[in-house]
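Notes follow once the structure below has been shown.
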Amino acid sequence: MDQKLSAHLHALEDAEREPLRWESGVGSRLCLADGSPPRFDARRMQRRLESYWSGLGHARQQQIERLTAGLPPMSPECRMAVLVPARHEERNIGHTLELLLNQVDGAGELLSCLEVIILNNTPSHQDFDDTRDVVAKVSASHRADGRVHILDLCLPRGLGNPVALAAQTLADVAVHRVLSRGPALLPFVLACIDADLVWIDPRHLWHHLVWLERHPHLDAACPRNAYTPWILAHNDLTLFSELSWQLVEFHFALAPLRPELNARYDFSWNRVRTAGSNTMITLESYAMITGYSHVFGHDLSLGERLSVLRGSWRGDRFVPQTWTVGRTALRVHTSPRRWLIMAGTGIGPYDAQGEGFYSPEALAAIRTQDPDALLRLAESTSRINRDNLHRFEAVLNERLRLMLKVRKDPASARKQFETTMSWLGLEPHSDYVVGEGQVKLAGITRLARVLGTVRARTLSDPRMPCLGPHAPGRNSERTWRSARSSASTNT
């Protein structure tokens with residue numbers, strides 16, 4: 001059994017598990033063990049929130065109560081808490097808050113059924129920046145003091161995963177505020193949002209709130225994260241990295257590769273993966289999985305734990321249920337700075353496990369330089385050429401190594417690699433060669449033409465999906481229903 005799956009099973013052995021299975025016959029749908037469809041139940045949600053809160057222990061409860069002591073009560077109309085961890089984000093938090101406070105509903109009216117909770121956190125050896133002042137100014141300009149709350153928290157120096165603690169603290173604050181308000185009559189949603197948003201659809205939050213309410217079998221919903229392709233498009237390496245990564249993740253999440261149809265599935269990758277930023281999860285589901293895991297990636301652990309909570313045993317094999325996390329067509333554009341740093345310095349976004357997932361040098365550059373300055377830093381890879389070809393080959397080799405790890409079979413991995421490359425418009429032998437687990441580009445002419453085509457499309461319509469010229473359309477991801485008739489172990 002996969003190590004992470006085993007650890008999550010152990011962590012949730014005392015949790016109130018609620019498996020979901022596919023109903024047999026035409027028009028399959030997820031249902032409970034007795035065959036009934038999942039439904040929201042206000043009393044059940046209240047009981048689960050109270051159980052989660054009591055399980056935190058007295059010391060943690062006191063910490064959350066002290067942290068929120070000065071906040072006004074949650075509005076009775078509030079149905080969503082937008083959670084924003086912010087560490088030294090004074091340069092970005094104002095724009096992010098503007099985007100959140102300008103969210104509208106289906107009728108175009110300002111969305112009033114939410115509150116924004118910002119955790120202004122810093123390591124204990126550093127001072128707070130001006131995030132609080134920026135938040136106060138933006139809130140006052142929108143007359144949103146009652147809907148925007150900022151909390152200050154110093155975290156111990158050298159903490160292994162400060163992002164996980166910040167995210168859990170925000171979620172625990174939301175649980176406490178919902179319980180203090182009284183019994184909820186409607187589902188409540190947590191929206192985890194980055195502090196460095198660049199753009200989101202004005203109906204983003206409303207769309208996900210309604211979508212989760214209308215689909216009670218879903219525990220969470222994930223938009224398509226993107227890193228401002230209209231900026232990345234100015235640099236061939238960043239564009240190629242983002243482009244290839246989006247396609248690899250898309251392929252891994254196809255139905256025939258998921259646990260329900262594939263006995264050789266990969267627990268971490270064959271699913272819609274929950275990102276710590278920009279994931280929407282119902283508060284009831286968050287309580288059921290007992291919060292974030294600090295052992296494995298806190299963001300990915302949300303979806304992994306949900307699949308364990310909803311999964312079931314088939315004989316001696318446990319099958320996670322991955323279909324309670326849905327993917328929406330909306331895109332969230334967050335800062336591209338990490339990818340530009342990678343192109344300019346060779347430091348990958350998650351290479352160094354320092355505070356904030358970056359080395360101190362890279363973190364300083366990310367916080368202080370704007371995208372134009374970082375594009376100049378990455379000028380050597382602005383266009384593919386013979387001198388920087390090895391950087392593009394390194395990206396392809398990273399993708400191939402991941403496919404070999406996930407697919408567990410060299411032939412399947414190579415087939416997936418060739419499919420991904422064909423979506424990019426590249427063909428084996430004429431454009432690239434795979435030998436002994438290594439990828440070598442046979443030339444740059446076609447790849448340069450592909451990147452030029454994507455660049456032109458992206459810059460002409462900045463918010464369009466950053467996909468290759470032969471990539472599958474946004475509606476081509478197979479649903480379970482179609483997969484039942486078309487699934488193949490050779491995918």
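Give me the percent of accessible area attributable to carbon and sulfur for the chain, probe 1.4 angstrom. C and S fraction of accessible area: 51 percent. Lys-Lys pairs in the chain that are eight or more residues apart or on separate chains and whose Cα atoms lie under 27 Å of each other come to 7. Rolling a 1.4 Å probe across the protein heavy atoms gives the chain an accessible surface of 43 Å² per residue. Dividing the convex hull volume of the alpha carbon atoms of the chain by its residue count gives 154 Å³ per residue. Test of understanding: given the chain, find the longest segment containing no GluC sites (Glu not before Pro) that are in a DSSP loop and have at most 11 other Cβ atoms within 10 Å. No qualifying site falls inside 110-435, the longest such stretch.
Evaluate the charge dipole of the chain about its Cα centre and quote only its size in Debye, nearest 20, assuming +1 on the Cβ of each Lys and Arg and -1 on the Cβ of each Asp and Glu.
Numbers: 58 positive and 54 negative charges, 279 e Å.
Approximately 1340 debye in magnitude.
Near ASP372: Cβ cut-off under 13 Å, other residues only, Lys/Arg at +1 and Asp/Glu at -1. The net charge is 0. Each Cα pair under 8 Å and six or more residues apart adds its separation to the average, and for the chain the resulting relative contact order is 18 percent.
Between GLU98 and GLU16, residue separation times 0.36 nm minus the direct Cα-Cα distance comes to 25.6 nm. Size descriptors for the range 204-300: radius of gyration and Dmax over Cα atoms are 15.7, 44 Å. Per-residue surface analysis assigns ARG147 an accessible area of about 60 Å², computed on protein heavy atoms at 1.4 Å probe radius. Of all DSSP bridge pairs formed entirely within the chain, close to 40 percent run antiparallel.
Per residue, the convex hull spanned by the Cα atoms of the range 1-109 amounts to 265 cubic angstrom. Largest accessible area first, the listed residues LEU49, LEU9 line up as LEU9, LEU49 when surface is computed with a 1.4 Å probe on the assembled protein chains.
What is the sum of charges around GLY452, taking Lys and Arg as +1, Asp and Glu as -1, for the other residues whose C-beta is under 12 Å from the C-beta of GLY452? Local charge sum for GLY452: +4.
Protein-only accessible surface at a 1.4 angstrom probe places the residues PHE128, PHE250, PHE417 in the order PHE128, PHE250, PHE417, largest first. Our estimate of slack between ALA140 and LEU110, defined as 0.36 nm per intervening residue step minus the Cα-Cα distance, is 9.2 nm. Just to confirm my numbers, what's the Cα centroid distance between the range 181-241 and the range 79-125 in Å? What the calculation gives is 13 Å, centre to centre. Other residues lying with their Cβ under 15 Å from the Cβ of LEU101 contribute a combined charge of -2, Lys and Arg counting +1, Asp and Glu -1.
The values are calculated or read from the model by the stated rules, or taken from the named source; none is laboratory data. What you are looking at is a predicted structure, and each value in this text was computed from that prediction instead of being measured. Cβ atoms come from the backbone with ideal geometry, glycine included; neighbour counts cover every protein chain shown. These area figures cover heavy atoms from the full protein model, side chains too; ligands, DNA and RNA do not enter into them. Shrake-Rupley method; radii C 1.70, N 1.55, O 1.52, S 1.80 Å.
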